1. Using a basic spin-label model with each label point 7 Å from the Cα along Cα→Cβ, how many nm lie between residue C:87 and residue D:132?
2. For the residues C:255, A:168, D:216, what sequence is obtained by ranking on other C-beta atoms within 10 Å, fewest first?
3. Taking just the C-alpha trace of the stretch C:242-309, give me its Rg and Dmax in Å.
4. Size of the stretch D:262-350 along its principal axes in angstrom, Cα-based, largest extent first?
5. Relative contact order of the stretch D:106-248: what whole-number percent is it, with Cα pairs under 8 angstrom and at least 6 residues apart?
6. Calculate log10 I(q)/I(0) of the stretch D:57-125 for q = 0.27 Å⁻¹, where I(q) comes from the Debye formula with a single equal point scatterer on each Cα and nothing for solvent.
7. How long are the three semi-axes of the equivalent ellipsoid of chain D, in whole Å, if each is the root of 5 times an eigenvalue of the C-alpha gyration tensor, listed from largest down?
8. What would the Debye formula give as log10 I(q)/I(0) at q = 0.04 Å⁻¹ for the alpha-carbon point model of the protein assembly as shown, no solvent?
């Protein structure tokens, strides 16, 4: 059987480039169509200008408009900007395409799965609800905000082992999280900006859906609250977070460490191509993880979440740690690919 | 009456330079002796090399060894490294000098005041306890770790108005906090280091002493706990903190804002020369304070603590904010000078 | 006699802000009108948002459109973008206003003076040529590209003392030179970009006009060529240049040092308010000037050009040095103000 | 035939780490002994602490003192500091080891080859002169300063095609060039330092030896002079240089481009394992090469020198360009490995 043909919508941005790299040589998927905005009609290599590398095989691909009629593929990945995603993604889904999207446009809709494959693989069942309700042949599956990823993955084994009552997260996010032109150098060189518009709302809301329980075709949000302070720091790639979690019951620190470091999800058990062997890597060095040293690490580069500085807080039942994820890989392209792999492996791409 | 003559111990480092600048033209104090370590015997201007500017009047001052016999002054400021401070400062105090020290060597001793002049001016009464107990003519007064300052000052009006039960602080500290040679550029360029050796212990301990109650010649520590995560970021000057405080009772946000922005301490009422008109400046812009924009601001440059992003947390009785202080000024030289001014204005330097 | 009333066109950008600061308390000029683009009709303080400080006195000034009918002033400074300057500045000149402009739009026109007040004060005589030829009541006077400044000022005493045959300049320019949004942080963090569009042409052309000889109502360009490589580096303010100059004759290094360090121009002899005592400050430390340490230095902050590392090259008659100027002050607002002061002191603003 | 066993002297620093990575899986060489300074007796993995990764196979290797008696290997690579190299390297050579050294200690001695394998492969003949003169069984071969590399490789085809009369080079060097602790972050963050002690002398002297002619057992230095200004900029890896070369005769730009881009040396013809297919990669994008984008590029990562912005200067016979090399790979570990490969392939390691 041949590979599935995939399209990448919005392929000419920073995340688009990660898709192209990660799908280059992928055992199941093969990029065969890409769309852009300002560069429609040009060769993909030109569309990139000097800002990155395009796999040899794809350099001559024509940049298409984001129009389903122009796409002859089995599924599409979308890293479109929010506004564009709002109309274009449903167009593709209606036209029969499975859409795996990094955009926030549809994340919060009841019948749209918000996926972290290791955390809530069963939420893919919402696909059927969505299709039925909307009468679509295709569907939309979404992935979380890149910052949500940094701590929601480590929350999962804690929820399973001890329960979670409250999460306090302070993030230090890299400039790539805002897109290539998102942060002027005059704003951030030698500086920290203690605010990112709209981010704290996403980061507070999404974990409750992701860790929620699917029953009767809908997700019951998890019962804890998230307080977040999101800041921008002058790092290139990798979102770092200091996290404090009030657990549901008393705990021994070594049990928490064990729960985190031994955690595996369905992607690991299915040995999906883009699944790291360990989704959570616990570091014992006192000063790790660090964005510049660890954001590109891992057996599948950029896919594990690195956790360090595990310790008890002064308040009862509280665990504190620092976690890091690659916002372009685990936080965007990589998680969408992993989600599509999960959908494929569980028979949802037929 | 002439000015008091002051010595600066360890004058040739980064903080020493701030002392020289802040004392240049001071109405009460006049630098007349300085000590260094590797540059003893050289002119002060030479000792600095190209790393900073020395006020014209002091360029030819000879760098002395840190030996009380060589100092003919009314008081000394010390920004010696911890180990040096451990023996040198008591030597000066024993020899009759009032010592105002930024070093951590003596901060935690029962009879040594740990001062934030706006917060605990009465703790200067420990001077008498110290003198009596140790049989010294002089004394040692200390100021807190530069990171403690960032949040302990805003805690004061919250303690007064609502009580405080717990503090969670995540800091983003500038490289100058580690001294000129403290952080190699290879370690921090484009990076965040989520750990600073020894810092979290200081930051957790000091606020309890500073906000403690002095009674019967000893300080009863305040009754809350502090959880801290201290990180290093690539900023030059200014420590930023994201703070979450569980108050003692329910509160209205506007009352907390009012308590912070209207706060004044004894230094303000006494109109001490180095006291900013407002020790806490509340900013209403959503993305402030920022280290590069605000660390050098204020009517007395670098002396106010800037507070922004005031909001309620998801947990009951919890207030969240971001605060910034200049670690070299308010966190080191400035606070020691302000403390000495307070001691002088309250008749303790006679 | 009261102060002259001045308008600032394009007052809401980075350079505009420097104008407001430098004109605050100016002995001859007083800002009484400002224009902006996207913020017309708002108060000046609002127009700035959080990006800078507006002098108290000007906070409530209304931002006007760049329309001469709305300006009741004696002269205008313009830091408009090139395209806007192309039509707006002649409109003001035609309407009778003296226009002092940082923009490149009119710099290269035969009858428009391109001024460095210490270098070519007599070029202001072109004003009369311009008025006659164009039939304007007002006039346009321009100042050079901010990078040209970095080395054209040190060239002047070398031209006078030894003659100059060729200049080779390699620049390391700060991000502020491109405007607040000019350089994305993703492009420059931890990087150098060895190209700035259009810059090398300006830098190669302008010195020949500035150092040219005015005769019979036109400027005969100077007879040397300039080779330039312009690069962008992650510094905030201050353009640094490594310069190699082939002089007209053999020379002793100490004579060149003396020529540079003792240089004064007409602004110094006239003691113009914004003239630094020494326009060229020669530094003897081996590793200076440095952008972060020296760009804001000087008796008139940011106005001197700092020169260091003076030495002979391996080729005959060649002198090498490093120079630094503040691109926002000496390279933009400061030089335009100094030029207007010169025009005023020489009776050209009547 | 088995692999040659190699030792790495000074293996626990930044360059040492590159050796370990580049020799991991090398077809001819196999690391079997390493020395360090402060970490003697520890496991190699521990010696690194968190500052880098050690190939799995080498993690348990014991760190030895730099004593030839402890080394049972066929050759050694040395990245010792200069002072240590001065005595330790001759000790190894005397004891019979071929020593390939990045240190500057012996570079300028008449009978020590200073190698760029693509440029002066015949200089390896000095080995025999050295052995004879010194009575050693082993020998010392050196590689140039990392900055010299950046422009000496592009000089070679220009020398061959047109002759070279003079070179003017202005460098922008990364912080890794000074070692992990070499540049304090307080010195370089948001700054440029226009001076690097001792660097300009090396950069001016070495190209004349490298491009000199070997005859009668000695190197006749090349007949051009090099003027250099060396600066430090806040980049992590990769030294960038702006170069202006006066050629020996008039030239067409396209001929120079062709000479550079088609250049191959003996390592390419011998297909040595660490030789990039093209030692000089000419880039046509106007704003390349850039350190962050290109320092790790190439078919053999970090081994090509990237050249861009090729153009004629204003002076006769002058060509200008920008070049970039990876100071840790092509400028240190990589070039020493390539030199050892060349020695091996030409029968000098028997």
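1. Here the modelled spin labels are 8.2 nm apart.
2. D:216, C:255, A:168
3. 13.2, 37
4. 51, 31, 18
5. For the stretch D:106-248, the relative contact order is 34 percent.
6. Treating every Cα as an identical point scatterer, log10 I(q)/I(0) equals -1.33.
7. Taking √(5λ) for each eigenvalue gives 32, 23, 18 Å, largest first.
8. Debye curve over Cα of the protein assembly as shown, log10 I(q)/I(0) at q = 0.04 Å⁻¹: -0.27.
Values quoted throughout were computed directly from the atomic coordinates according to the rules given, and no laboratory measurement underlies them. Owing to the predicted nature of the structure, the values given are computational and were not obtained by experimental measurement. Here the Cβ is made from the backbone with ideal geometry for all residues, glycine too, and neighbour counts use every protein chain on show.
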